[in-house]
Amino acid sequence: MKIKRVGVVGCGLMGSGIAEVCARAGYSVLVREVDDQFLERGLSRIKKSLDKGVARGKLSPSERDAAQSRISGTTELGDFSDADLVVEAIVENLEQKKETFAMLDRVTPAHAILASNTSSLSVTDMAAATERPDQVLGIHFFNPVPVMPLIEMVRTFLTSDATYQTARAFGEGLGKQVVVTKDRPGFIVNALLVPYILDAVRMVEAGVATKEDIDAAVKLGLNHPMGPLTLLDFVGLDTTLFIADAMYEELKDPRYAAPPLLRRMVVAGYMGRKSGRGFYDYR
């Protein structure tokens, strides 16, 4: 199957980025949000990102305009009735995702592939909410989507070879490096990243070293672009806590058990860069 029309459910930070890279790759893109206000905000984010691409010399003005012309918005899931591929990028809540997949199963064409951008939740559970589990898989992008070169492709034991091959060709056509993983909590990246970040929080909690020295040690000693606590602030303390809790709930592995310090910081509103305060102060 050749994919021509792509749907994106959700036009937040991830959904808007997915819509942008698909449009830049030449696909006709329809993005859906729950109401006009959220939709307008998401479309505005795409426009600003495309303008930034021109300013940085990554896009020509004509390429920007062509990509923009391929993107349209809606508040109705029923408008995906002619989509070849739909990528779900809503909040990380399994019940809401399952409801969305069940609805997409009813409104999309029989040939359409349904994909989730989830970073940690069970794609098999989402597939089971449809009558086409063989046409469901995970296509996990990374933030910021227009910049990050990786896609984790999550293949469940139900995903057919045809679905996998079509989805892989789609991902590579976006200019992304595709890695393939089984449907396991955290997949590849978060399965390795979350324990690493949680261990850094535990070191602060235990008074082993200051946050500045932990970050400097990793950055300079391991040649990482940033230390684990700076990275945690960038990803979001609340996001990391959610992923860790979801992984611990399924695996019961103590490596994924969130330290009390992380949980208390989230309760106190210290979410990282997006809230102005995390392990560092960005106000």
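All of the numbers you see were taken from the coordinates with simple rules; none came from a lab. These numbers come from a predicted model, not from an experiment. Reconstructed Cβ throughout: ideal geometry from the backbone, glycine too, with neighbour counts over all protein chains shown.
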Item to complete: Would you mind ranking Asp238, Asp215 by Cβ crowding within 10 Å, fewest neighbours first?
Response: Asp238, Asp215
Item to complete: Tally the DSSP beta bridges in the chain and give the antiparallel ones as a percent, rounded to 5.
Response: 20
Worksheet item: Put a dot 7 Å past each Cα toward the Cβ at Lys182 and Arg273; how far apart are the dots in nm?
Response: 3.4
Response to the item:
Taking Cα atoms only, helix 237-251 is inclined relative to the longest principal axis of the chain by an angle, in degrees rounded to 10, of 80
Worksheet item: Assigning unit charges at the beta carbon (Lys, Arg +1; Asp, Glu -1) and nothing else, what dipole magnitude in debye, to the nearest 20, does region 189-274 show about its Cα centre?
Response: 120
Response to the item:
Between Val208 and Ala102, Cβ-based FRET efficiency (R0 45 Å, step 0.05) works out to 0.40
Response to the item:
Scoring the chain by relative contact order with C-alpha pairs under 8 Å, at least six apart, yields a percentage of 13
Practice prompt. Sticking with the crude label model, points 7 Å out along Cα→Cβ, report the distance from Tyr280 to Leu222 in nm, one decimal please.
Written response: 1.7
Worksheet entry | Order of Thr159, Thr124 under a 10 Å beta carbon neighbour criterion, fewest first | Thr124, Thr159
Discussion item. Taking θ = phi - 60°, what integer Hz values does the Karplus form 6.51 cos²θ - 1.76 cosθ + 1.60 yield along region 81-87, in sequence order, with x for Gly and Pro?
Written reply: 5, 10, 6, 8, 8, 10, 10
Worksheet item: Between Ala169 and Thr74, what length in nm is gained on full extension when 0.36 nm per residue of separation is reduced by their alpha carbon distance?
Response: 31.5 nm
Fill in: Inter-part distance where region 122-171 and region 1-60 are each reduced to a Cα centre, Å
19
Discussion item. Using Cβ contacts closer than 10 Å as the measure, can you line up Tyr164, Tyr256 from fewest to most?
Written reply: Tyr164, Tyr256
Worksheet item: With labels modelled as points extended 7 Å from the Cα through the Cβ direction, what inter-label distance (nm, one decimal) is found for Ala162 paired with Arg264?
Response: 5.7
Discussion item. Placing unit charges on C-beta atoms (Lys and Arg positive, Asp and Glu negative, everything else neutral), compute the dipole magnitude of the chain about its Cα centre in debye, rounded to 20.
Written reply: 800
Worksheet item: So what's the back-of-envelope 222 nm ellipticity for the chain, counting only DSSP H runs of four-plus at -39500 (n - 2.57) apiece and dividing by all residues, rounded to 500?
Response: -14500 deg cm²/dmol
Worksheet item: Hey, any idea what Rg/Rh is for the chain, computing Rh the Kirkwood way over Cα pairs?
Response: 0.98
Practice prompt. Treating each Cα of region 57-214 as an identical point scatterer and ignoring solvent, apply the Debye formula and state log10 I(q)/I(0) at q = 0.13 Å⁻¹.
Written response: -0.70
Item to complete: Under a cut-off of 28 Å between alpha-carbon atoms, report the lysines in cross-link reach of Lys252, not counting same-chain residues fewer than 8 places apart.
Response: Lys97, Lys98, Lys182, Lys211
Response to the item:
Which of Lys97, Lys47, Lys58 fluctuates most in a GNM of the chain (C-alpha springs under 10 Å)? That residue is Lys58
Practice prompt. Can you tell me the dipole magnitude for region 54-146 around its Cα centre, using point charges on the Cβ only (Lys, Arg +1; Asp, Glu -1), in Debye to the nearest 20?
Written response: 440
